[in-house]
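For reference, the structure is listed below as structure tokens.
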Amino acid sequence: DTEVTQTPKHLVMGMTNKKSLKCEQHMGHRAMYWYKQKAKKPPELMFVYSYEKLSINESVPSRFSPECPNSSLLNLHLHALQPEDSALYLCASSQDLGTGGASGYTFGSGTRLTVV
Amino acid sequence: TQLLEQSPQFLSIQEGENLTVYCNSSSVFSSLQWYRQEPGEGPVLLVTVVTGGEVKKLKRLTFQFGDARKDSSLHITAAQPGDTGLYLCAGAGDSSYKLIFGSGTRLLVRP
């Protein structure tokens, strides 16, 4: 299995809702990432997990809360989002934190989030 | 701050034409990757280049890493409509966990 699977593919939520995005990989990768991508822009790093521990938080607002229940799963919990948070949210994985640059990242197809 | 600049930002060509996309920086990168992204999908890794001066070929796509590891190029020969998409270069920076993405080149190949 060489895929990163993200669910749901599309999500519409109100500003008072609580929702979660899910990401799963079975490649044995030990580093997992959340990226945010606005239209016609490159992806922007949000969070990095290494061996199930949060390693990097790129100054992301607390209305985004990541969680890594085990080595294969990564969640992003959403609460009280704003319309400007509407974007494509991408999950990615790499063998290890330091090897992504050499071996490449595997991205999921993303969740298209719309906040109304 | 390490930055990657891509050019051109947008390219519309006829099927069968050749094209080159450039990715430039004033910083040295330990490696550089090229991704292609289709609308509504995640980026898909095409190639990773690691050694200065390295050239890699993937069917009609040729990737080159500059001798000084500050720039890279992607050349497509005889472009096809299936090549349409957003091409992103990304470099492993000083903090190797973080991929630094270029601004992207949007390619449209018309039949």
Requested in this report: Take the stretch B:100-111 and flag every residue that is open to solvent by 10 Å² or more (accessible area, probe 1.4 Å) and part of a strand (DSSP E or B).
Outcome: B:Ile100, B:Phe101, B:Arg106, B:Leu108, B:Arg110
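A:Ser65 - would you say it is within 11 Å of the chain's Cα centre (by Cα), of a type in the set (S, T, N, Q) and either open to solvent by 30 Å² or more (accessible area, probe 1.4 Å) or facing another protein chain (nearest Cβ under 8 Å) (or both)? Don't jump to the end; show me each part of the working.
Values: within 11 Å of the chain's Cα centre (by Cα): yes; of a type in the set (S, T, N, Q): yes; either open to solvent by 30 Å² or more (accessible area, probe 1.4 Å) or facing another protein chain (nearest Cβ under 8 Å) (or both): yes.
Criteria met by A:Ser65.
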**Report entry** In the stretch B:19-42, the residues that are more than 9 Å from chain A (Cβ to nearest Cβ) and farther than 14 Å from B:Phe63 by Cα
**Finding:** B:Ser25, B:Ser26, B:Ser27, B:Val28, B:Glu38, B:Pro39
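Scanning for something of a type outside the set (Asp, Glu), more than 9 Å from chain B (Cβ to nearest Cβ) and part of a strand (DSSP E or B), does the stretch A:24-33 turn up at least one residue? Give the derivation first.
Of all residues in the stretch A:24-33, those of a type outside the set (Asp, Glu) come to A:25-33.
Those left that are additionally more than 9 Å from chain B (Cβ to nearest Cβ): A:25-30, A:32.
Applying the additional criterion that residues be part of a strand (DSSP E or B) yields A:25, A:32.
Yes; the residues of the stretch A:24-33 include at least one that is of a type outside the set (Asp, Glu), more than 9 Å from chain B (Cβ to nearest Cβ) and part of a strand (DSSP E or B).
Being open to solvent by 40 Å² or more (accessible area, probe 1.4 Å) and more than 25 Å from A:Ser109 (Cβ to Cβ) narrows it down to one of B:Lys70, B:Lys59, so name that one. I'd like the intermediate steps shown before the answer.
Values: B:Lys59 fails: more than 25 Å from A:Ser109 (Cβ to Cβ).
The unique qualifying residue is B:Lys70.
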Requested in this report: Please determine, by comparing only the residues of the stretch B:73-94 that are over 13 Å from the mean Cα position of the chain (by Cα) and among the aliphatic types (A, V, I, L, M), which one is surrounded by the most Cβ atoms within 10 Å (Cβ to Cβ).
Outcome: B:Ala92
Query raised in the report: Does the stretch B:1-36 hold any residues that are open to solvent by less than 60 Å² (accessible area, probe 1.4 Å), at pLDDT 95 or above and either in contact with a helix residue (DSSP H, G or I) (Cβ under 7 Å, 6 or more places away or on another chain) or polar (S, T, N, Q) (or both), and which are they?
Result: B:Gln6, B:Ser7, B:Ser12, B:Thr20
Report summary line: Selection from the stretch B:92-111 of residues in contact (Cβ under 8 Å) with a residue 24 or more places away in the chain and either in contact with a Cys (Cβ under 8 Å, 6 or more places away or on another chain) or of a type in the set (S, T, N, Q) (or both) yields B:Ser96, B:Phe101, B:Gly102, B:Ser103, B:Thr105
Query raised in the report: Counting only residues that are open to solvent by 10 Å² or more (accessible area, probe 1.4 Å) and within 12 Å of chain B (Cβ to nearest Cβ), which one in the stretch A:5-23 is farthest from A:Thr106 (Cα to Cα)?
Result: A:His10
Report summary line: Just one listed residue, out of A:Ser71, A:Ser86, A:Ser103, A:Ser93, is in contact with a Ser or Thr (Cβ under 6 Å, 6 or more places away or on another chain) and open to solvent by 10 Å² or more (accessible area, probe 1.4 Å), and it is A:Ser86
Requested in this report: Could you check, for the stretch A:86-94, whether at least one of its residues is farther than 30 Å from B:Val49 by Cβ, in contact (Cβ under 8 Å) with a residue 24 or more places away in the chain and more than 10 Å from chain B (Cβ to nearest Cβ)?
Outcome: yes
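The values are calculated or read from the model by the stated rules, or taken from the named source; none is laboratory data. Quantities reported herein were computed from a predicted structural model and do not represent experimental measurements. Neighbour counts run over all protein chains shown; Cβ positions are idealised from the backbone, glycine included. Note: accessible area is taken over every heavy atom of the protein model, side chains too, but ligands, DNA and RNA are not part of it. Shrake-Rupley method; radii C 1.70, N 1.55, O 1.52, S 1.80 Å.
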